[in-house]
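Reviewing the structure listed below.
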Amino acid sequence: MEDVRIKTDSVTDFSFVSKYGSAVEWQYFRKDSHIIEHRGNEWLRFSQRADTLELRHRETCREKRESRIILSPHVAADTVYSSDTRRDRSFLYSDSGSYIITQSRCPLLILAEGDTLHDVTAEKIRVSYCRRQISGEGETSKNLFPKFIETETTWRAGQDNSIPYAMTRSIERISKANDTTITVESVCFPRALNVVGSGFDRQYSRKGSKTPVYLQQTEQMKEAAEAPHFEVTGNSLDVSSPGEFNVIITDIAGRVLLTHSATDACVIDISRFTGNEIVVSISNEAKHISRTIIPRHE
């Protein structure tokens, strides 16, 4: 994103962005007062009451977060934020801080392929929080984690503005010494990548019975193809998975230490991580697994 020029109150220029990721399904589903937003392997659950829309749940293959962010009417000042977060099925955290939502007019939006849009609305959600780990006995640790700042900006236009034309996301990690590390920074163009039509009126159903989308996604994952498998032997990580797969190794804070792609099987040297807690994530076309391990010498 170093070449992207973002000025939400004037011109936002994405024309220098040349790399695209994989196409994703960007869909919406409604059940009673709940709205599900499905973005590829990520989904968000909103609760709607009258003119108030709240973001209550956010989930990816690695993290589940229960929170409460009021999106409508727009929040004009810092508002209390708290959430319970589970990461990699092993670690439970309590997040506390504040969030603010700002909306501005962008006279000109230039997309990656040079298409231009006028009079676009840019909405920014900025969440700032500290994280404490919760033990199995329910005790909360001291604030050993740095401060996190998550920012998501969407650019929308027209009346049918549910799927944004562009979106940027970043996560900043600030240490006690006030050193800032951007652990995630991305830009995507949901309308260009979207491969399935969307609509708030669509109900999510299976075999004639209506079920919430998050339950349906869980059922689909259970019915998916054979999951990847790995074993740790000394300083070697032995991975097997049918077809093509990706391996990502991160530290416990989520910083990427190693990425690797292979077919059917591979062996990865993890000697440099000996004695440190790392998260191994393996994904193929149909399944994803994540495990936390501590490599040791044998």
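Numerical summary
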quantity	calculated
Lone qualifier among LEU193, LEU237, LEU215 - being among the hydrophobic types (A, V, I, L, M, F, W, C) and modelled with pLDDT under 55	LEU215
Pairs, first more than 26 Å from ARG65 (Cβ to Cβ) in region 94-110, second not in a strand (DSSP E or B), C-beta under 7 Å, six or more apart	SER104/THR8; SER104/ASP9; CYS106/THR8; PRO107/SER10; LEU109/TYR165; ILE110/PHE14; ILE110/SER15
Selection from region 260-298 of residues that are part of a strand (DSSP E or B), at pLDDT below 85 and crowded, with 17+ Cβ neighbours inside 10 Å	ASN284, HIS288, ILE289, SER290
Residues that are touching a Lys or Arg at 6+ places or on another chain (Cβ under 7 Å) and in a strand (DSSP E or B), drawn from region 84-100	THR85, ARG86, ARG87, LEU92, TYR93, SER94, ASP95, TYR99, ILE100
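The values are calculated or read from the model by the stated rules, or taken from the named source; none is laboratory data. Being a predicted model, the structure only gives us computed values, none of them experimental. Methodologically, a virtual Cβ is constructed for each residue, glycine included, from the backbone with ideal geometry; neighbour enumeration extends over all protein chains shown.
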